[in-house]
Amino acid sequence: MSIFDHFQARYEAAKDEELSIQAFLDLCKDDKSAYANAAERLLLAIGKPELIDTSKDPRLSRLFSNRVISRYQPFAEFYGMEEAIEQIVSYLKHAAQGLEERKQILYLLGPVGGGKSSLAEKLKALMQQMPIYVLSANGQRSPVNDHPFCLFDVTEDGDLLKREYGIEKRYLRSIMSPWAAKRLHEFGGDITQFKVVKVRPSILDQIAIAKTEPGDENNQDISSLVGKVDIRKLEHYSQDDPDAYSYSGALCRANQGLMEFVEMFKAPIKVLHPLLTATQEGNYNGTEGLSALPFDGMILAHSNESEWQTFRNNKNNEAFLDRVYIVKVPYCLR
């Protein structure tokens, strides 16, 4: 196979696939990964560890006190960072089970050049390996990656879905976006008119993976996270219409995936406020009079220790401190 055929085959394999709602529910019965959350999909991409008994190696036994350590193949290039990687995997395991870690920001803390950004890039690359399923209507994919389960109510439909398809109630927590709610009204409540699209997360196309950076305090606002009104569409729609909104914020794009916040604590505090409700409640408000937007993904942040110390010492930031899961990434001294 030539390089051109190889590239074309890879491109074709990553193309979107469309299913009906019924076909998607049948798939859920056989394949739990069809509705796995972001942490579960990342764990599947990381795979099983290689267990190493350090008591059998004189050098490693002194470093790890004869403990059994785990090494993960995707992180083979990260020399001497086993403990930080194990902490990340531990966070993912708890988040995958729907425990408190699911509502926390994964925060990599360490000195300059310690490997925080490299770890973040690796996690984003791994997130691309497992597909996600997104609601679609009239040939248009949901701009906020609505999961098909947002159509169902946990109290009304939970028991029926559990009985017929084996879907646990904890997976039915996502709210419907304003875009999906508008389409539902257009269809007169007929959810069979919706389609489900199997999509590959992509760093390049910003599908389920997004990155945001701190900007100038005078001109950066929350629209970099939650999106804003598209001025060009106001000619055809009112200002609070879901179709007039530009879902370009990092939280909009990273739903069902991973959002990376570089140097998080250098950003103005007003910019960080949407992260509180996005992590704790699974939704956040846009900049206009829309209903809340869904967020069921992971937030990964990293910064240096000096910014963390400044942020931690400010008593006004206590709400954030409780919602951060710290993974220390020190220099490798091995």
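Below are the figures for this structure:
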{"item": "Top-ranked residue of segment 1-50 - restricted to ones that are free of Cβ contacts under 8 Å to residues at least 60 places away in the same chain and touching a Lys or Arg at 6+ places or on another chain (Cβ under 8 Å), ranked as farthest from Glu168 (Cα to Cα)", "result": "Glu50"}
{"item": "Count of residues meeting criterion [surrounded by fewer than 16 Cβ atoms within 10 Å (Cβ to Cβ) and touching a residue at least 60 places away in the same chain (Cβ under 8 Å)] in segment 82-102", "result": "0"}
{"item": "The lone exception for Pro242 - which of (1) farther than 23 Å from Ile88 by Cα; (2) surrounded by fewer than 16 Cβ atoms within 10 Å (Cβ to Cβ); (3) in contact (Cβ under 8 Å) with a residue 24 or more places away in the chain; (4) out of contact with any strand residue (DSSP E or B) (no Cβ under 9 Å at 6 or more places or on another chain) it fails", "result": "(2)"}
{"item": "Residue in segment 6-24 that is within 30 Å of His94 (Cα to Cα), in a helix (DSSP H, G or I), out of contact with any Pro (no Cβ under 9 Å at 6 or more places or on another chain) and of a type outside the set (Gly, Ala, Ser) present", "result": "no"}
{"item": "Some residue of segment 284-297 being within 13 Å of Ile222 (Cα to Cα) and crowded, with 19+ Cβ neighbours inside 10 Å", "result": "yes"}
{"item": "Residue pairs meeting the criteria (Cβ under 6 Å; at least 6 apart or on separate chains; first in contact (Cβ under 8 Å) with a residue 24 or more places away in the chain and in a helix (DSSP H, G or I), in segment 160-171; second surrounded by 12 or more Cβ atoms within 10 Å (Cβ to Cβ) and among the hydroxyl-bearing types (Ser, Thr, Tyr))", "result": "Tyr171/Tyr35"}
{"item": "Matching residues, segment 67-95, being touching an Asp or Glu at 6+ places or on another chain (Cβ under 8 Å) and outside any helix (DSSP H, G or I)", "result": "Val68, Ile69, Ser70, Arg71, Tyr72"}
{"item": "Residue within segment 306-321 that is at pLDDT below 90, surrounded by fewer than 14 Cβ atoms within 10 Å (Cβ to Cβ), within 15 Å of Gly114 (Cα to Cα) and out of contact with any Asp or Glu (no Cβ under 9 Å at 6 or more places or on another chain) present", "result": "yes"}
{"item": "Those residues of segment 308-319 which are over 10 Å from Tyr107 (Cβ atoms) and either in contact with a strand residue (DSSP E or B) (Cβ under 9 Å, 6 or more places away or on another chain) or without any contact (Cβ under 8 Å) to a residue 40 or more places away in the chain (or both), in sequence order", "result": "Gln309, Phe311, Arg312, Asn313, Asn314, Lys315, Glu318"}
{"item": "Candidate set from segment 182-210 (those that are part of a helix (DSSP H, G or I) and not charged (D, E, K, R)); member that is surrounded by the most Cβ atoms within 10 Å (Cβ to Cβ)", "result": "Leu184"}
{"item": "Among the residues listed as Leu333, Leu234, the single one being within 30 Å of Glu82 (Cα to Cα) and surrounded by fewer than 16 Cβ atoms within 10 Å (Cβ to Cβ)", "result": "Leu333"}
{"item": "Condition check for Ile46: modelled with pLDDT of 90 or more, surrounded by fewer than 11 Cβ atoms within 10 Å (Cβ to Cβ) and over 30 Å from Thr192 (Cβ atoms)", "result": "no"}
{"item": "Residues located in segment 213-245, provided they are of a type in the set (Gly, Ala, Ser) and either in contact with a His (Cβ under 8 Å, 6 or more places away or on another chain) or in a helix (DSSP H, G or I) (or both)", "result": "Ser223, Ser224, Ala244"}
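The values are calculated or read from the model by the stated rules, or taken from the named source; none is laboratory data. For clarity, every value in this text was computed on a predicted model and none was experimentally measured. In this analysis, Cβ positions are derived from the backbone assuming ideal geometry, glycine residues included, and neighbour counts consider all displayed protein chains.
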